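Contents: one structure, followed by commentary.
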Amino acid sequence: MDLKIKLEQLHQKVIGLKEQIGTEEATKNAFVMPFIQILGYDIFNPTEVVPEHVCDIGTKKGEKVDYVIKNNDEPIFIIECKHWKENADAHNSQLHRYYHVSKTRFGVLTNGIVYNFYADLEKPNIMDEKPFLTINLEDLKDSAIKILESFTKTGYNLEDILGSAEALKYIKAIRKEFEKEIENPSDQLVKLLVSRFFDKPINANRLIAFKEYTKKALTTSINESISFRLKSALSINEQIEKHDDKNIQPVDENNETPKFITTEEESEGSQIVKAILREKIPSERIAPRDTQSYFGVLLDDNNRKPICRLHFNTTNKYLELFHNGKDAGEKMQLNELDEIYNYRNELHQTLEIYN
């Protein structure tokens, strides 16, 4: 099974169980051990997964790291676990100590939901302060999963991981600086860009104005780029779904005769909803359902599990939400389709009601 699908299934398990998980040990058993299994390691084989491994530090004896993962009898990474309610970034000093005395190149700090992977790219045998890779079950990214594949039992490749780790380290640093420039353009960047088309002296007042112009220009450019890519993706998905569904007769929960045509706005709006829901659940669980009076989106194609409805057949457009329950629909007026993104939390909350 695909690694991403397995991780998504684990995420669904986490959602269903986490409120019942009251201890760090329970977090390890319910969340972390399945994660190790997903990577292909036998949690019941002490030659592959060593629990409570002793990491004596100087005169401090009896220190233990939660797991050491081995591949071909070689320690490849250690895992330190915390309760799922704790911040996965808050205890790296403890992992730092264990890493120093271990023979591994990688350390993992996790709360069962977020997995931070550390290496020693800056100084040999001294764990870096910041992780080079983060796997967040609530926000899985294909690029991160691709690197995670190199940590699996069958796909482990030290050279690939180190190469990716170094690249990610600098990409993150560059991205961080870029985001700073978008939020508050520096004088250096403003002067660099403006000097290419403005040949007059840039005094203090002009610099202030150009900084504001630069910020708006960068933001607009990025937003338009995202919008263009989204519309392209929605167009492709729409064509695929129409091809797959061309022989399927839509069924309305009210048994209305299917004398209706899905409009372009309904299709685009439903794809925005689908993109939001895909952050939490696989696409196959999201079921569009067109009717004469509205375009609905259901969970698991179940009429009793409405996620939202698009009311686009009137002068004003409305998004009907069900985050307060399936019998307590609440309509929100939309001035433009992109405003659907403003209700991401409500859509996610609706999923939690049904799970």
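The values are calculated or read from the model by the stated rules, or taken from the named source; none is laboratory data. All of these numbers come straight from a predicted model, not from anything done at the bench. A quick note on method: Cβ atoms are made from the backbone with ideal geometry, for glycine too, and the neighbour counts reach across all protein chains shown. For accessibility, only protein heavy atoms count, side chains too; no ligands or nucleic acids. Shrake-Rupley method; radii C 1.70, N 1.55, O 1.52, S 1.80 Å.
Tabulated data
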{"quantity": "Residue-normalised accessible area of the chain, expressed per residue, 1.4 Å probe, Å²", "calculated": "57 Å²"}
{"quantity": "The chain - percent relative contact order, Cα under 8 Å, separation 6 or more", "calculated": "9 percent"}
{"quantity": "Most fluctuating residue given options 116, 223, 29, as computed from a GNM of the chain linking Cα atoms under 10 Å", "calculated": "223"}
{"quantity": "GNM result for the chain, Cα springs below 10 Å: residue of 151, 312, 132 fluctuating most strongly", "calculated": "312"}
{"quantity": "Estimated 222 nm signal from helices in the chain, with DSSP H stretches of n ≥ 4 weighted -39500 (n - 2.57), rounded to 500", "calculated": "-13000 deg cm²/dmol"}
{"quantity": "Among (i) 139; (ii) 205; (iii) 171, the entry that matches volume of the Cα convex hull per residue in Å³ as calculated here", "calculated": "(ii)"}
{"quantity": "Span-rule helices in the chain, defined as complete DSSP H runs reaching 24 Å or more along the axis (Cα) with Kyte mean at least -1.0", "calculated": "158-183, 204-245"}
{"quantity": "Loop GluC sites (Glu not before Pro), the stretch 261-355 (other Cβ atoms within 10 Å of the site Cβ: 14 or fewer; DSSP)", "calculated": "279, 336"}
{"quantity": "Accessible surface of the chain, 1.4 Å probe, proportion on carbon and sulfur as whole %", "calculated": "50 percent"}
{"quantity": "For the chain, share of DSSP beta bridges that run antiparallel, in % to the nearest 5", "calculated": "90 percent"}
